[in-house]
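Okay, so here's the structure we're looking at.
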Amino acid sequence: MPAFELLSEQRCHGGVQRFYQHASAEIGLPMRFSVYLPPQALDGTRCPGVIFLAGLTCSEETFMTKAGAQAVAAREGLILIAPDTSPRGANLPGDSAAWDFGVGAGFYLDATEQPWSRHYRMHSYIVNDLCPLLIAQLPLDGQRLGIMGHSMGGHGALVLALRHPELFKSVSAFAPIAAPVQSQWGHKAFSGYLGNDENSWSRYDATLLMEQKTQPPFPYGILIDQGLEDKFLADQQLHPELFASACEAVSQPLNLRRHAGYDHSYYFITSFIEDHLLHHKKQLSS
């Protein structure tokens, strides 16, 4: 398996914050990602890990620089991983024309429409490229891997967890786009990347995926935090209540916490990131 290239490294809370680049077979372009290795991993211990998927306009740097997660990860012995949010350098017509489609807005799916289908394969990139590479070349315990995300990344985390429970043993989200088929963001992204056949969209909609389950896929629970001052909640882009109803129908334990006064920003995320990392640590340690 090809190695990845270390771009930078900084000491942080006794561990190291690293940024990498590697050649992606699924994407067909170089991809960047970031990793925080806690002190325990530097000592040679194979640690549990959590992948964080960022939201629209973000990159592999956003979570690591804004969420304040490293101190908790160092204490709990968790490896943190944050991939980029889309391919970079494809230079497709119109790929930088909008903030919510194209560069920085890959929606963690595998596009089927031209010209996006060649490079916009973020779902398969995470499952087939990134995770095997991380497990092979980092002190990461591949049997103890969780996933979480914010907004578009919350959508991606829920979908990836529901479709690949053999890979991801825990899941949480901040303000996820929980029912993209019911949102303007989802309609724009799915019609552009997947075409106009809405039947093909369901495999990337967490609410619809949960509705298809016959038993709870995560019996120890899913954690979602939602700010009540989030303008995208008011704009009907997120729909956590629809995901909650789908969970209730299949007896999936869901801790949906609604927070007065909090918005969609990383100030919201940093306020509750410790709870999410402890949620993952508990499940990955059981």
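Of the residues 244, 216, 93, the one whose Cα sits farthest toward the positive end of the charge dipole of the chain, with +1 on the Cβ of Lys and Arg and -1 on the Cβ of Asp and Glu, is 216. Most simply put, the chain has about 50% antiparallel DSSP beta bridges, counting only bridges with both residues inside it.
For residue 220 and residue 91, the FRET efficiency from 1/(1 + (r/R0)^6), where r spans their Cβ atoms and R0 equals 51 Å, is about 0.70.
Return the Rg/Rh ratio of segment 15-106 with Cα-based radii and a Kirkwood Rh.
Details: Rg = 14.8 Å, Rh = 14.2 Å.
A ratio of 1.05.
Other residues with beta-carbon under 13 Å from the beta-carbon of residue 196 carry, at +1 per Lys or Arg and -1 per Asp or Glu, a net charge of -2. Which shape class applies to segment 187-258: rounded if a/c is under 1.5, otherwise prolate when a/b exceeds b/c and oblate if not, where a ≥ b ≥ c are the square roots of the Cα gyration tensor eigenvalues? Verdict is oblate for segment 187-258. Under 5 Å between amide hydrogens, built in the peptide plane, is the criterion, and for residue 16 it picks out 37 among residues at least 5 positions away or on other chains.
Any idea what the dipole of the chain comes to, in debye rounded to 20, about its Cα centre with Lys/Arg Cβ at +1 and Asp/Glu Cβ at -1? In debye, rounded to 20, the chain gives about 580. Short-range pairs are left out: with C-alpha atoms under 8 Å and at least six residues apart, the relative contact order of segment 79-138 is 28 percent.
The calculated Kirkwood hydrodynamic radius for segment 28-168 is 15.4 Å, given to one decimal from all distinct C-alpha pairs. Note on residue 112: accessible area is roughly 80 Å² with a 1.4 Å probe, heavy atoms of protein only. With protein chains left intact and a 1.4 Å probe, residues in segment 1-154 average 36 Å² of accessible area per residue. The 3J(HN,Hα) values that the Karplus relation (6.51, -1.76, 1.60; θ = phi - 60°) gives for segment 223-230 are, in residue order, 10, 10, 10, 9, x, 7, 9, 6 Hz. Gly and Pro appear as x. Label separation (residue 198 vs residue 286): 3.7 nm, computed from points 7 Å beyond Cα along the C-beta direction. Per-residue Karplus couplings for segment 153-159, computed as 6.51 cos²θ - 1.76 cosθ + 1.60 with θ equal to phi - 60°, are listed in order as x, x, 4, x, 5, 4, 5 Hz, Gly and Pro entered as x.
Couplings 3J(HN,Hα) of segment 261-273, computed from phi: x, 9, 10, 9, 8, 6, 4, 5, 4, 5, 5, 10, 5 Hz, in residue order, whole Hz [Karplus 6.51 cos²θ - 1.76 cosθ + 1.60, θ = phi - 60°; x for Gly and Pro]. Amide hydrogen proximity for residue 262: with H placed 1.01 Å from N in the peptide plane, the residues at 5 or more positions away or on another chain lying under 5 Å are 228, 229. Here's how it looks for residue 254: its modeled amide H is under 5 Å from those of 222, which are all 5 or more places away or on a different chain. Each label point was placed 7 Å from the Cα along the Cα-to-Cβ direction; for residue 29 and residue 166 their separation is 3.1 nm. Tell me, how many Å apart are the Cα centres for segment 18-82 and for segment 97-123? Distance between centres, Cα-based: 22 Å.
Relative contact order (percent) for segment 3-115, with alpha-carbon contacts under 8 angstrom and 6 or more residues of separation? Result for segment 3-115 is 24 percent.
The values are calculated or read from the model by the stated rules, or taken from the named source; none is laboratory data. Since the structure is predicted, the reported quantities are computational estimates derived from the model, not experimental observations. Every residue, glycine as well, gets a Cβ built from its backbone with ideal geometry; the counts of neighbours run over all protein chains shown. Accessible surface is based on the protein model in full, side chains and every heavy atom, while ligands, DNA and RNA are left aside. Shrake-Rupley method; radii C 1.70, N 1.55, O 1.52, S 1.80 Å.
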